[in-house]
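Here the structure comes first, spelled out in structure tokens, and everything after it is commentary.
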Amino acid sequence: MILIAILTGLFICVLLIYLLAFQINVKSSSTKNTGQPPVSIIITLKNEANNLNDFLPSIIDQHYPNFEIILINDHSSDDTLAVAKKY
């Protein structure tokens, strides 16, 4: 009975050490320590090929450290999809 308690205690200690080490590794590798929250820029597009070439480069070249751009094409009949794929 004592042997089972000792083995259970050791197993729990090893498990906690493993989980703590894994969590620290995940945090340090997946997030940038910039102090700024991540931002998603969502842009809906409908026949905006000409405008996309004008404004998208300025959004891409911004100085905010942690952002993503999500383009949503609403069945455009011009070259919007091709322009979006270019970026």
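Per-structure values
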| read-out | value |
| --- | --- |
| Gain upon complete extension [Ile69, Ile43; 0.36 nm per residue less C-alpha separation] | 8.6 nm |
| Estimated FRET transfer efficiency when R0 is 25 angstrom, pair Asp61-Lys85 (beta carbons, to 0.05) | 0.85 |
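Coordinate-derived values only; no laboratory data. Only a predicted model underlies this, so the values are computations on that prediction, with no experimental measurement involved. Note that each Cβ is placed from the backbone with ideal geometry, even for glycine, and that neighbours are counted across all protein chains shown.
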